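Everything on this sheet refers to the single structure shown next.
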Amino acid sequence: MPKSYRNYSKTSRHPKRPFEKERLDQELKLIGEYGLKNKREIWRIQYLLAKIRSAARYLLTLDEKSPKRIFQGEALLRRMVRQGLLGENEEKLDYVLGLTLPKLLERRLQTKVFKLGLAKSVHHARCLIRQRHIRVGKQLVDIPSFLVRVDSEKHIDFAITSPFGGGRPGRVKRRNLRNPKEKKTEEEAENNE
């Protein structure tokens, strides 16, 4: 078997204490509010947030005129602004430390689809995304945890191929269009009874 040169790393980190009532309640509330599948989805976002904050914390320890701090700090802030996690007027590393979990969860495609009114609930939004009804720009996206950038936000819409977006009608609708006579005979049979 050939050797795999791909390097994998963990995407989430589970809590050290498995049964903390306060944390468990908080996680369950987040799962319900944002329509997440399981606790690992929360832990994954927490891990991402921890990595971002630790990078900012490290850069803050460096001297203000340090070229490393200037270069990497600018890159980090630009990324945060582009992702929509920080505003245009919040371009300082201190604001990166103030990022919270709900702010990251608000940027998920699942939440955005629901907030834009394309879905009836967050759970319905998740179904639509997984069933390939949603596109961002011209790209079809079927990952509910996809983090939407600020410039992509206005391009979220139904896919061209989706029945919701004016594509080919679904299976039931096609059947009803094909056999309108059968439908009428069923209605007449019900009326006669």
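The values are calculated or read from the model by the stated rules, or taken from the named source; none is laboratory data. Note that the structure is predicted; figures quoted are calculated from it, not measured. We place every Cβ from the backbone using ideal geometry, glycine too, and count neighbours over all the protein chains shown.
Scan region 164-186 and give yes if some residue there is modelled with pLDDT of 90 or more and under 27 Å from GLY35 (Cα atoms), otherwise no.
Of the residues in region 164-186, the ones modelled with pLDDT of 90 or more are 164.
Retained after the next criterion (residues that are under 27 Å from GLY35 (Cα atoms)): 164.
Checking region 164-186: at least one residue is modelled with pLDDT of 90 or more and under 27 Å from GLY35 (Cα atoms).
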Quiz item: Which pairs have Cβ atoms under 7 Å, sit 6 or more apart or on different chains, and link a residue in region 60-73 that is assigned by the TED database to the domain that holds ASP94 to one that is surrounded by 14 or more Cβ atoms within 10 Å (Cβ to Cβ) and in a loop (DSSP other than H, G, I, E, B)?
Solution: LYS68/LEU62; ARG69/LEU62
Quiz item: Failed condition for GLY117, given (1) assigned by the TED database to the domain that holds TYR34; (2) assigned to a loop (DSSP other than H, G, I, E, B); (3) free of Cβ contacts under 8 Å to residues at least 12 places away in the same chain, with all others met?
Solution: (1)
Quiz item: Looking at (1) outside the structural domain of VAL150 (by the TED database); (2) touching a residue at least 40 places away in the same chain (Cβ under 8 Å), which is the only condition GLY87 fails?
Solution: (2)
Quiz item: Looking at this structure, is LYS10 exposed (fewer than 15 other Cβ atoms within 10 Å of the Cβ), at pLDDT 95 or above and closer than 24 Å to ILE143 by Cβ?
Solution: no
